[in-house]
């Protein structure tokens, strides 16, 4: 099947150009200033912008075992409506993805249920290193290490285990960095004062800047010691930015970093209004942290922007501090949230594409995705930068049924989304019969 996209503004590789795109089956066949050819489908995208499909390097789709919160089908559907064409999913499901057999079963679920392209990370624990080392680097983009406990506790806190993982892994290590001892010490202080009813605005004091900095410092020390490729997830503090450099292209960096939408959007002043619905690990911190993180995205100290999509039910999020899980749903709104920052003059379109499309592809060495290039998969997101819309229960697609952006009016919309040349999402309608492909990685 041939699809011809006419008159669009393509944002790719730091440029904005008016071009036509010819798609042949699942591949971009031709990009030119004018293409006149018979096609099975012609889309006139006058006034619209096209970017590469977003690659989200950190999502929790909750399947298997936690599907009352979300599942691969429901959350991938929300993802493509948000312009995300590929995702990498975390191992803290139930059971946790700690064996090769369980990892294979997840890939089968992806093939059966996902509307987007997918990969699943292998999880590390204190006692599964033999299983970790069996991971195929052509199929598995990274090994996930939790150096701070979170939902579905997979805490790796033995230094001997960490040293062995950093020494022996052939695959990129992605790490959640928070120091458990500092967190527990802080938690005990607030439990003595408040019992289980700790005010939510104490969360950034419990899961503190100090906890993040100490843990990320250790991870970087281990990476340098063993010459390991390391990617630190969801940087939430200005202090941690001192760990990173911007003097090399991402392909040559040994140590890289990610920021997430919630740390670029919310700050501690939002706890009074949003409460536990913006309780994440690491915590949303100060207004200064938020501003410095946005600066770091622009200066390339931060390499990737992702969602850390992690849904929980409204009932779960309505519990008191001690029982309320951390995390929230974001894939449907992460790109349009970044586009609001563009409208506010805080970031360019080209930089958004770099951090959400190009750099994940480069960092994880994903084959033929993340760019609008001839010969690449036709993963394309079509944007109307001037079509505003308001988030409401009626248009939220997450299985959990809520969003931290509820009531917010975004200035831009995702018009359409192609995955492997298939028009999976178009103006609120889905091709629900389509299934994505497993991502492939260059070794």
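Summary table below
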read-out: Hits in the stretch 145-165 - residues which are more than 18 Å from residue 325 (Cβ to Cβ) and touching a strand residue (DSSP E or B) at 6+ places or on another chain (Cβ under 7 Å); value: 145, 147, 156, 165
read-out: Test result for residue 364, in contact with a helix residue (DSSP H, G or I) (Cβ under 7 Å, 6 or more places away or on another chain), in contact (Cβ under 8 Å) with a residue 60 or more places away in the chain and buried (at least 18 other Cβ atoms within 10 Å of the Cβ); value: no
read-out: Residue within the stretch 314-331 that is surrounded by fewer than 24 Cβ atoms within 10 Å (Cβ to Cβ), free of Cβ contacts under 8 Å to residues at least 24 places away in the same chain and part of a loop (DSSP other than H, G, I, E, B) present; value: no
read-out: Residues of the stretch 262-286 satisfying the condition of being under 22 Å from residue 400 (Cα atoms), touching a helix residue (DSSP H, G or I) at 6+ places or on another chain (Cβ under 7 Å) and assigned to a loop (DSSP other than H, G, I, E, B); value: 266, 279, 280, 282, 283, 284
read-out: Residues (surrounded by 23 or more Cβ atoms within 10 Å (Cβ to Cβ) and either on the phi > 0 side of the Ramachandran plot or without any contact (Cβ under 8 Å) to a residue 40 or more places away in the chain (or both)) located in the stretch 46-69; value: 62
read-out: Boolean, residue 336 is out of contact with any helix residue (DSSP H, G or I) (no Cβ under 6 Å at 6 or more places or on another chain), crowded, with 21+ Cβ neighbours inside 10 Å, closer than 19 Å to residue 404 by Cβ and modelled with pLDDT of 95 or more; value: yes
read-out: For residue 11: the one exception among (1) assigned to a loop (DSSP other than H, G, I, E, B); (2) more than 30 Å from residue 123 (Cα to Cα); (3) under 29 Å from the mean Cα position of the chain (by Cα); value: (1)
read-out: Failed condition for residue 107, given (1) part of a strand (DSSP E or B); (2) more than 26 Å from residue 339 (Cβ to Cβ); (3) touching a residue at least 24 places away in the same chain (Cβ under 8 Å); value: (1)
read-out: Residue satisfying all of: in the stretch 208-233; in a helix (DSSP H, G or I) and touching a strand residue (DSSP E or B) at 6+ places or on another chain (Cβ under 7 Å); farthest from residue 262 (Cα to Cα) among these; value: 223
read-out: Residue check for residue 43: free of Cβ contacts under 8 Å to residues at least 60 places away in the same chain and either crowded, with 18+ Cβ neighbours inside 10 Å or part of a loop (DSSP other than H, G, I, E, B) (or both); value: no
read-out: Pick from the stretch 122-151, criterion over 15 Å from residue 178 (Cβ atoms) and in contact (Cβ under 8 Å) with a residue 60 or more places away in the chain, ranking: surrounded by the fewest Cβ atoms within 10 Å (Cβ to Cβ); value: 138
read-out: Test: residue in the stretch 23-32 that is farther than 23 Å from residue 425 by Cβ, more than 19 Å from the chain's Cα centre (by Cα), assigned to a loop (DSSP other than H, G, I, E, B) and modelled with pLDDT of 95 or more; value: no
read-out: Residues (in contact (Cβ under 8 Å) with a residue 40 or more places away in the chain, more than 22 Å from residue 162 (Cα to Cα) and either touching a helix residue (DSSP H, G or I) at 6+ places or on another chain (Cβ under 7 Å) or assigned to a helix (DSSP H, G or I) (or both)) located in the stretch 195-207; value: 198, 200, 201, 202, 203, 204, 206
read-out: The listed residue being more than 17 Å from residue 223 (Cβ to Cβ), out of contact with any strand residue (DSSP E or B) (no Cβ under 6 Å at 6 or more places or on another chain) and surrounded by 17 or more Cβ atoms within 10 Å (Cβ to Cβ), out of 119, 114; value: 114
read-out: Any chance residue 236 is crowded, with 19+ Cβ neighbours inside 10 Å and either at negative phi or part of a loop (DSSP other than H, G, I, E, B) (or both); value: yes
read-out: Any hit, the stretch 407-430, residues being without any contact (Cβ under 8 Å) to a residue 24 or more places away in the chain, under 21 Å from residue 52 (Cβ atoms) and in a strand (DSSP E or B); value: yes
read-out: The stretch 382-395 - residue that is over 21 Å from residue 419 (Cα atoms) and under 22 Å from the mean Cα position of the chain (by Cα) and, of those, surrounded by the most Cβ atoms within 10 Å (Cβ to Cβ); value: 391
read-out: Some residue of the stretch 276-287 being buried (at least 20 other Cβ atoms within 10 Å of the Cβ) and over 20 Å from the mean Cα position of the chain (by Cα); value: yes
read-out: Hey, residue 345 modelled with pLDDT of 95 or more, out of contact with any helix residue (DSSP H, G or I) (no Cβ under 9 Å at 6 or more places or on another chain) and part of a loop (DSSP other than H, G, I, E, B) or not; value: yes
read-out: Total residues in the stretch 19-30, condition under 19 Å from residue 358 (Cβ atoms), buried (at least 18 other Cβ atoms within 10 Å of the Cβ) and in contact (Cβ under 8 Å) with a residue 60 or more places away in the chain; value: 2
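The values are calculated or read from the model by the stated rules, or taken from the named source; none is laboratory data. None of the values given here were measured: they were computed from a predicted structure. Neighbour counts run over all protein chains shown; Cβ positions are idealised from the backbone, glycine included.
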